[in-house]
Amino acid sequence: MTEHPRLHSIPGDRDGHRPRQPNQRTLQEPLWRVLLGEQLRRLRLLRHETLVETADRAGISPQYLSEVERGRKEPSSEMIAALAGSLDTSLGGLTELVANELRARQALTHPPRSTPRTGTEPTLLAAA
């Protein structure tokens, strides 16, 4: 069977794993659910709470909370809001913690490139 002339296969398998290139450093961004779980666990431990205590306030099972904290489950936005509330923070506050962690990890793995300016980039002006 031949491929259509305008279509081509993308290297890798069905799960999106690409073959490694020799001597290539593979840098993979963490999943949002993993960082969310890490932040939820950190907040819970700062309060010296057990899974059962936090899960009860959020209205979920301790087993589910454990899976969320380990990045195994992707909770709905309603569930994330309930967990944030049970940890005395807001959905925005929790999202900010996760976003800050993501930025910090990106800074470690993807240092900013120094590219010469060509003079054609947009310029941001601010008026005081």
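List the trypsin sites (Lys or Arg not before Pro) within the range 20-102 that DSSP assigns to loop and that have no more than 10 neighbouring Cβ atoms inside 10 Å.
Arg20, Arg25
Hey, quick one: spin label on Glu67, modelled 7 Å out along Cα-Cβ, who in the range 30-49 has an amide N within reach, i.e. under 16 Å?
Counting backbone N atoms under 16 Å from the label point, the list is 33-34, 37.
Taking the Cβ of Arg47 as the center, what net charge do the other residues with Cβ under 15 Å away carry, scoring Lys and Arg +1 and Asp and Glu -1?
-1
Starting from the 7 Å offset along Cα-to-Cβ, what nm value, one decimal, do you get for the label separation of Glu78 and Val34?
Output for this residue pair reads 2.9 nm.
Full-extension gain between Asn100 and Glu53, please, as 0.36 nm times their residue separation minus the C-alpha to C-alpha distance.
14.2 nm
Laboratory data are not the source of any read-out in this text; all were calculated from the coordinates shown. Please read these numbers as outputs of a predicted model, since none were measured by experiment. Note that we place each Cβ from the backbone using ideal geometry, even for glycine, and neighbour counts take in every protein chain shown.
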